[in-house]
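The values are calculated or read from the model by the stated rules, or taken from the named source; none is laboratory data. These figures come from a predicted structure and were not determined experimentally. Backbone-built Cβ (ideal geometry, glycine too); neighbour counts: all protein chains shown.
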Amino acid sequence: MTTTDPSRLTQYAAGGGCACKVPPGELERVLGALVPPAGDDLLVGVEHGDDAAVVRLDDRRALVVTTDFFTPVVDDPYDWGRIAAANALSDVYAMGGEPLAAVNLLAWPRDKIPFDLAADVLRGGADVAREAGCYLAGGHSIDDPEPKYGLAVTGIADPERLLRNDSGAAGLPLTLTKPLGLGVLNNRHKATGEVFPEAIEVMTTLNRDASRAALDAGAVCATDVTGFGLLGHLFKLCRASGVSAVIESDAVPYLDPVRSSYAAGFVPGGSRRNLDWVRPHLDSQVDEDELVLLADAQTSGGLLVAGELPGYPVIGQLVPAGSATVSVR
């Protein structure tokens, strides 16, 4: 199919999903010079690259503020809307918060794709927001050469019970709440048009239950695994917390079609960029292919929690800071 076929939304975008993020090294270099660190009532800023900003309202309440949007990761407009909304809400859950209200962010090439399809995207986002108990109203739209969709979300949290990426401690196990490989399968879908219902199911599943389980378990440190991959987000967590980590590669879960799809050559460019960024801080006893999969750029991935959560796999642990920030065995 060609980009003249409006049914293949993924063909209108150079990247797809969270794999189209700006590379982490470039992002940090720019933001580090512009944005002041957190302090006083700004409990979480951007100094550690956490998932959302958090502002204290009083002793019992804090606002969690985030935004996330991306180009189509699947061709079905309704599913794309669901995935993008779940992904944006995830940043609130990753901080230990509950989403309260959101507004839409929509970019659309009206001269290329029937604007009526945008209604299906918005309907998908609205259905996921409704599932999350989050009010969704209004937003902003522009005419753009590439379609993009997401949400700006405001949530609420207890300022004394946040999940942060700078609160990890040596000795804590690492729990991953969704399987990896979403970037590989989305890359295959874009190239071939094959649909992977198991990937859509994972990407549209809210991280609400995992977040609540983490808080119930007394966890104070977590992040979600999205465009920078497991290795990238773990590296950021370790660096912010002043610890190192050991990953047991055999314990990391993947969706069933991932390894065969990877062997067939379906790999997002963002996954290799993630690995290149982490590599100087990495000690590995596994081969290059395994590392690329561990760095796979996820869209609407799960939570990585410093702590053990019932029903979810433990994939490693935090250890005292050493010569390598992340070790893979």
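Structure summary
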{"item": "Qualifying residue in segment 163-183 (condition: in a helix (DSSP H, G or I) and without any contact (Cβ under 8 Å) to a residue 24 or more places away in the chain)", "result": "no"}
{"item": "Strands (runs of 3 or more DSSP E) (entirely within segment 40-142) containing at least 1 residues that are among the aromatic types (Phe, Trp, Tyr)", "result": "62-70, 98-108"}
{"item": "Residue that is nearest to ALA297 (Cα to Cα) [pool: residues in segment 209-238 that are β-branched (Val, Ile, Thr) and part of a loop (DSSP other than H, G, I, E, B)]", "result": "THR226"}
{"item": "Test: residue in segment 239-253 that is touching a strand residue (DSSP E or B) at 6+ places or on another chain (Cβ under 8 Å), assigned to a helix (DSSP H, G or I) and of a type in the set (Ser, Thr, Tyr)", "result": "yes"}
{"item": "Single condition GLU201 does not satisfy, out of (1) over 18 Å from the mean Cα position of the chain (by Cα); (2) more than 15 Å from LEU304 (Cα to Cα)", "result": "(1)"}
{"item": "Failed condition for THR192, given (1) under 19 Å from the mean Cα position of the chain (by Cα); (2) among the hydroxyl-bearing types (Ser, Thr, Tyr); (3) farther than 30 Å from ASP58 by Cβ", "result": "(1)"}
{"item": "Residue that is in the same structural domain as THR177 (by TED's automatic domain parsing), surrounded by fewer than 18 Cβ atoms within 10 Å (Cβ to Cβ) and in contact (Cβ under 8 Å) with a residue 40 or more places away in the chain, where the choices are GLY322, GLY265", "result": "GLY322"}
{"item": "Exclusive hit being surrounded by fewer than 19 Cβ atoms within 10 Å (Cβ to Cβ), without any contact (Cβ under 8 Å) to a residue 40 or more places away in the chain and over 30 Å from GLY97 (Cα atoms), set ASP209, ASP283, ASP289", "result": "ASP289"}
{"item": "Condition broken by GLY301, with the remaining ones in (1) free of Cβ contacts under 8 Å to residues at least 12 places away in the same chain; (2) in contact with an Asp or Glu (Cβ under 7 Å, 6 or more places away or on another chain) satisfied", "result": "(1)"}
{"item": "Scope segment 265-283; condition at pLDDT 95 or above and part of a loop (DSSP other than H, G, I, E, B); matching residues", "result": "GLY265, PHE266"}
{"item": "Test for LEU206: is it assigned to a strand (DSSP E or B), at pLDDT 95 or above and touching a helix residue (DSSP H, G or I) at 6+ places or on another chain (Cβ under 9 Å)", "result": "no"}
